[in-house]
Amino acid sequence: MNPLDQAVQILRQGGLVAFPTETVYGLGADARRADAVGKIFAAKGRPANNPLIVHIHDILAARQYAAHWPPFAQRLAEHFWPGPLTLIVQKSDAITPIATAGGPTVGLRIPNHALALQLLRQFDGPLAAPSANRSTHISPTTAEHVRNELAGRVDFILDGGRCTVGIESTVLDLTTDPPTILRPGGLSKAQIESIIGPVCEFNRIIHPDQPAASPGQQEIHYAPTTPAFRFEPEQLKNLPESNVARILIGQPSLRPHDKHHITLPNDPTHYARYIYAILRELDTHSLDAIYIQMPPDEPHWTALRDRIRRATRPLD
Ligand code: TXA
Ligand code: MG
């Protein structure tokens, strides 16, 4: 049987299938089935109060799983789907309440990845899928990452190569007026505003044991296991030298022979594609610490600044 047929068969039996998207790998199950979706939470060790994104393959399917489909949703979907944008709308009864953590809303997204779209089309149903990592770890951007995270906890892994975006989708809540960005991601605020006008940003960082409007907002999230610190460029000379890694921006070949001294280009698209893979790799080197240079406070770096803030503590 080919991998796609196998994946679909497992999903129809209520199993778990990890699949590629353009952002990160997802851990998918039939979003209509409480038994299937319950397995996602168990496999990830994810708190039951953190809702999942539901993936569909076209706008008609999205409308089917929304109790109301606002005009903004239609316009954004037409412009940016398939793509790294999750729209929060009122949910229909067809989606199991387990997937939405008992809440009245659902996050919907059409991923921009050929294999994911084939899977969704052939399965012909909604797939609840969080990132395919253990809760609070870094999202996987290759099938190998998923194997390392979830071996024995997932029924099947569809390998679609390296994710091209590399960080998670932008989550936009359309049930508020104006709409609110709950999580910055692969699609920028400016891109969204070019279609529907002003939106707010949800900025409050919440303590891990407090309930969050979108639990991805909890402070330490997406983190490596090695202690990780963020620093500003002027702090570079204060960093410890031995048994640590540094991730810098835009100063190529400062120390070309040091495999722990990594420089990424001053370009958020390229940076995003590789940062999680680099953190995972460094995490296997038994280092005392990882130091990450904070990208500039500019709009096109917003999502990466958010992820780095969540993965690190400030250096002081
Ligand atoms: O790019 C992505 O979004 C990836 C791929 C697999 O699609 N998925 C992903 O899922 O990152 P996850 O579960 O790791 O993050 C989903 C985020 C969480 O912060 C969750 O709290 C929020 O979206 N979320 C999901 N449904 C929500 C809802 N109904 N209301 C508020 N926040 C929601
Ligand atoms: Mg996640």
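The values are calculated or read from the model by the stated rules, or taken from the named source; none is laboratory data. Remember, it's a predicted structure, so these values are computed and weren't measured experimentally. Please note: Cβ atoms are built from the backbone with ideal geometry, for glycine as well, and neighbour counts cover all protein chains shown. The area values use the complete protein model at the heavy-atom level, side chains included, leaving out ligands, DNA and RNA. Shrake-Rupley method; radii C 1.70, N 1.55, O 1.52, S 1.80 Å.
GNM remark for the chain: springs join alpha carbons under 10 Å apart, and the peak mean-square fluctuation among Pro111, Pro126, Pro71 falls on Pro71.
In percent, rounded to a whole number, the relative contact order of segment 3-201 is 31, using alpha-carbon pairs under 8 Å and six or more apart. With θ taken as phi - 60° and the Karplus curve 6.51 cos²θ - 1.76 cosθ + 1.60 applied, the whole-hertz 3J(HN,Hα) list for segment 177-188 is 10, x, x, 10, 7, 7, 9, x, x, x, 10, 7 Hz, x standing for glycine and proline.
Take every Cα-Cα pair in segment 9-58 and report what % of them are more than 12 Å apart.
65
For segment 228-314, the percent of C-alpha pairs falling in each 5 Å distance bin, counted from 0 to the bin holding the largest distance, reads 3, 14, 28, 29, 19, 6, 1. If the elastic network links every pair of Cα atoms under 10 Å, which of Ala223, Ala190, Ala29 fluctuates the most in the Gaussian network model of the chain? Evaluated over the chain, the most mobile residue of the options is Ala190. The amide H of Ala228, built 1.01 Å from its N in the peptide plane, has Ile290, Arg313 as neighbours under 5 Å, considering only residues 5 or more places off or on other chains.
What percentage of the solvent-accessible surface of segment 3-201, computed with a 1.4 Å probe over protein heavy atoms, is contributed by carbon and sulfur atoms? Heavy-atom surface of segment 3-201 belonging to carbon and sulfur, 1.4 Å probe: 51 percent.
Over all directions, the projected convex hull of the C-alpha atoms in segment 13-148 averages 7.4 nm² in area. Each principal axis of the Cα cloud of the chain was taken in turn, and the coordinate range along them, longest first, works out to 56, 47, 35 Å.
From most to least packed by mean Cβ count within 10 Å, the peptides 154-160, 282-288 give 154-160, 282-288. When shorter helices are ignored and each DSSP H run of at least 4 residues is given -39500 (n - 2.57), the per-residue value for the chain at 222 nm works out to -8000 deg cm²/dmol. Phi-derived couplings, Karplus 6.51 cos²θ - 1.76 cosθ + 1.60 at θ = phi - 60°, listed residue by residue for segment 120-128: 5, 5, 6, 5, 6, x, x, 10, 6 Hz, with x used for Gly and Pro. Using a simple spin-label model with pseudo-atoms 7 Å out from Cα toward Cβ, Asp177 and Asp267 lie 4.3 nm apart. Would you list which aspartates and glutamates come within 17 Å of Lys39, measuring only between C-alpha atoms, while excluding same-chain residues fewer than 8 positions from it? Straight-distance partners of Lys39: Asp30, Glu149, Asp155. The alpha-carbon of Lys259 sits under 12 angstrom from the alpha-carbons of these aspartates and glutamates, leaving out residues fewer than 8 places away in its chain: Glu281. Placing pseudo-labels 7 Å out from each Cα toward the beta carbon at Ser92 and Asp159 gives an inter-label distance of 3.7 nm. Relative to the longest principal axis of the chain, what angle (0 to 90°, nearest 10) does the C-alpha long axis of helix 302-311 take? For 302-311 against the chain, the angle is about 70 degrees. Here the Karplus curve 6.51 cos²θ - 1.76 cosθ + 1.60, taken at θ = phi - 60°, turns the phi angles of segment 133-148 into couplings of 10, 5, 3, 6, 7, 7, 5, x, 10, 9, 5, 4, 4, 5, 4, 5 Hz, with x standing for Gly and Pro.
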